[in-house]
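J.: Once you've had a glance at the structure underneath, I'll fire off some questions.
The values are calculated or read from the model by the stated rules, or taken from the named source; none is laboratory data. Owing to the predicted nature of the structure, the values given are computational and were not obtained by experimental measurement. All Cβ positions, glycine included, derive from the backbone under ideal geometry; neighbour counts span all protein chains shown. Surface accessibility is based on the protein's heavy atoms, side chains included, excluding ligands, DNA and RNA. Shrake-Rupley method; radii C 1.70, N 1.55, O 1.52, S 1.80 Å.
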Amino acid sequence: IASVVSSVSVVQRFFSMLCPIDAKYLSSIHKNIINSLNKILITSRYFPLAALPMIPSGSIQIHNIPINSFENGISFVFWISMPSNIDDFAQSVLVLDDGKKHKFKVQIIERKLRVKIQSGVDYYHYDFQLSLPIKTWSMISITTTPNPNGQESSVTLYVNKEQVKVILKFALFMPKSAIECLINHPLKMKSTKKLDPPLMGLFLLSKQLVPEEIAALSDEGPRPSLSSIATKIIFAYSPIYVGKYIQFKPIQKVDEISETHPQIVSCKKSLSFYDLLINYCKVYLILPIFGQLDIPLKDGSQ
C-alpha cells in the first residue's frame, strides 16, 4: 500500500522502527523491515513522477524536428495508464507533420491503437487491438522500419517488452522539411470530457530501437535513465508537477527542438512513499541504516 499511497507520518514512523533498541540492539524483525523498504523503493519505479491527463486541453507542441532524424526508421515510446471505461474515447497520441503531405500519426480510439502514415498521395492505416491492464502503467512502442525496396515501411507494435504484431507495406514516412509534432491532440471525429481519462507518462521519439533496447526501457519503468539509448533519442519528455499545473521536463532532445503548451491543470495525485521520502522527508533518513551494519540483535546474533 505504501508504495502507491502514503503520508509523511507513515514514512517517519516506518523509519522509527529501524532505530536500535536502547541504542544498542536491533529488533528481531529488523531484517524484515529492511526488506519491506527495499520492495517499496523497487515498486515505486513503476509509477511516474507525474501524469498527463489525455484530455483535449492537454495538447503539447514540439517544434523544428530535423528531417535527418527519420532516415532509417523511428520509434515512438510512451507510458500509459488506462481507466476502467474507455468507451467513446478518441485522442491522437502523436502527430508528425512536415506540412508537405508527409504525416505519421498514432491514435487511441477506444481499445484500438491506430497508426496512420501518409507519404504524398500514398496513405495507409492499421488498427492494432490493445489489451492493457486497467489502472496499471504500461509501455507502448511503435517502430517503423523502411523496407529494402525503399518505397514502403513496416510498423511493429510492442506492449512493454513483448512484440504484439508486425504490419508490412505501410507508406514510407520520409519527410521533406523540418517536422512539427503534436502530443495528446484531440481528434476532430470525437472529443472526450471524461472524468477519468487515460493518463500519459514519459514519452520519447528516437531513431529506430531494436527489441533489446525496448526490453531494457520496459525494465527500467516510467522513470528511466535513458542512458542505454542516449545516442538515438530525438526528444524525450517527462511530465512534472509545478503547483497545481503540469509542465514538461526535456530529459534529452536535439538542440534545435523547442516545445510549447498551454497551462495544463494536473489531476489529483496520491503521493507514494517514494515521493514523500525524496521530496519532503529527504533521503538522509536512509543514511543511519548504513551505520547499523555491526549492531547485533538482542540475542547477540548479527
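J.: Could you count how many residues in the range 30-61 are open to solvent by 80 Å² or more (accessible area, probe 1.4 Å), part of a helix (DSSP H, G or I) and touching a residue at least 24 places away in the same chain (Cβ under 8 Å)?
T.: So the answer is 1.
J.: Look at Phe70 and say whether it is touching a Lys or Arg at 6+ places or on another chain (Cβ under 9 Å) and closer than 14 Å to Cys181 by Cα.
T.: Values: touching a Lys or Arg at 6+ places or on another chain (Cβ under 9 Å): yes; closer than 14 Å to Cys181 by Cα: yes.
The answer is yes for Phe70.
J.: Of the numbered conditions (1) closer than 29 Å to Ser119 by Cα; (2) open to solvent by 50 Å² or more (accessible area, probe 1.4 Å), Asp219 satisfies every one except a single condition; which is it?
T.: The failed condition is (1).
J.: Considering Asp87, Asp97, which residue is acidic (Asp, Glu), open to solvent by 10 Å² or more (accessible area, probe 1.4 Å) and free of Cβ contacts under 8 Å to residues at least 60 places away in the same chain? Break it down into steps so the answer makes sense when it comes.
T.: Numbers: Asp97 fails: free of Cβ contacts under 8 Å to residues at least 60 places away in the same chain.
Criteria check complete, one pass: Asp87.
J.: Follow-up question, since we're still on this one. Got a number for residues in the range 178-196 being open to solvent by less than 40 Å² (accessible area, probe 1.4 Å) and at pLDDT 90 or above?
T.: In the first step, residues of the range 178-196 are kept if they are open to solvent by less than 40 Å² (accessible area, probe 1.4 Å); the result is 179, 181, 183-184, 186-187, 192.
Now narrow it down to the ones that are at pLDDT 90 or above: 179, 181, 183-184.
Residues that pass the stated criteria total 4.
J.: Which residue is modelled with the lowest pLDDT, if the candidates are limited to the range 231-243 and must be farther than 21 Å from Leu94 by Cβ and outside any strand (DSSP E or B)?
T.: Going residue by residue through the range 231-243, those that are farther than 21 Å from Leu94 by Cβ are 231, 241-243.
Still in the list and also outside any strand (DSSP E or B): 231, 243.
Working: Thr231: 93, Gly243: 74.
Per the stated criteria, the residue is Gly243.
J.: While we're here: Would you mind stating whether Ser225 is under 23 Å from Ser69 (Cα atoms), of a type in the set (S, T, N, Q), under 16 Å from the mean Cα position of the chain (by Cα) and crowded, with 16+ Cβ neighbours inside 10 Å?
T.: On the way: under 23 Å from Ser69 (Cα atoms): yes; of a type in the set (S, T, N, Q): yes; under 16 Å from the mean Cα position of the chain (by Cα): yes; crowded, with 16+ Cβ neighbours inside 10 Å: no.
So Ser225 does not fit the description; no.
J.: Please enumerate the residues belonging to the range 8-29 that are open to solvent by 80 Å² or more (accessible area, probe 1.4 Å) and in contact with a Leu (Cβ under 9 Å, 6 or more places away or on another chain).
T.: Hits for the range 8-29 are Gln12, Ser28.
J.: State which residue is farthest from Tyr126 (Cα to Cα) when the search covers only the range 148-165 and only residues that are surrounded by fewer than 16 Cβ atoms within 10 Å (Cβ to Cβ) and within 22 Å of the chain's Cα centre (by Cα).
T.: Among those that are surrounded by fewer than 16 Cβ atoms within 10 Å (Cβ to Cβ) and within 22 Å of the chain's Cα centre (by Cα), it is Lys161.
J.: Next up: Show the residue pairs meeting these rules: Cβ distance below 7 Å; 6+ apart or different chains; first residue within the range 235-246 and in contact (Cβ under 8 Å) with a residue 12 or more places away in the chain; second residue among the small types (Gly, Ala, Ser) and open to solvent by 50 Å² or more (accessible area, probe 1.4 Å).
T.: So the pair list comes out empty.
J.: So, in the range 244-262, of the ones that are at pLDDT 90 or above and not in a strand (DSSP E or B), which residue ends up surrounded by the fewest Cβ atoms within 10 Å (Cβ to Cβ)?
T.: Looking at the filtered set, the residue picked out is Asp255.
J.: Applying the selection to the range 118-134, what residues are modelled with pLDDT under 90 and open to solvent by less than 70 Å² (accessible area, probe 1.4 Å)?
T.: Ser119, Gly120
J.: Which members of the range 62-83 meet the condition of being in a strand (DSSP E or B), of a type in the set (A, V, I, L, M) and over 20 Å from Ala215 (Cβ atoms)? Spell out how you get there, then give the answer.
T.: Narrowing the range 62-83 to residues in a strand (DSSP E or B): 62-65, 74-82.
Then keep just the ones that are of a type in the set (A, V, I, L, M); that gives 62, 65, 74, 77, 80, 82.
Residues satisfying the conditions are Ile62, Ile65, Met82.
J.: Here's a follow-up. If Val115 passes every condition in (1) buried (at least 21 other Cβ atoms within 10 Å of the Cβ); (2) touching a residue at least 60 places away in the same chain (Cβ under 8 Å); (3) over 21 Å from Ala51 (Cα atoms) but one, which one does it miss?
T.: Against the list (1) buried (at least 21 other Cβ atoms within 10 Å of the Cβ); (2) touching a residue at least 60 places away in the same chain (Cβ under 8 Å); (3) over 21 Å from Ala51 (Cα atoms), Val115 comes up short only on (2).
J.: Yes or no: the range 65-77 includes at least one residue that is more than 22 Å from Pro262 (Cβ to Cβ), in contact (Cβ under 8 Å) with a residue 12 or more places away in the chain, of a type in the set (Val, Ile, Thr) and open to solvent by 20 Å² or more (accessible area, probe 1.4 Å).
T.: Yes, because at least one residue in the range 65-77 is more than 22 Å from Pro262 (Cβ to Cβ), in contact (Cβ under 8 Å) with a residue 12 or more places away in the chain, of a type in the set (Val, Ile, Thr) and open to solvent by 20 Å² or more (accessible area, probe 1.4 Å).
J.: Another question, then. Would you check if Ser92 is at negative phi, touching a helix residue (DSSP H, G or I) at 6+ places or on another chain (Cβ under 6 Å) and surrounded by 14 or more Cβ atoms within 10 Å (Cβ to Cβ)?
T.: Numbers: at negative phi: yes; touching a helix residue (DSSP H, G or I) at 6+ places or on another chain (Cβ under 6 Å): no; surrounded by 14 or more Cβ atoms within 10 Å (Cβ to Cβ): yes.
No.
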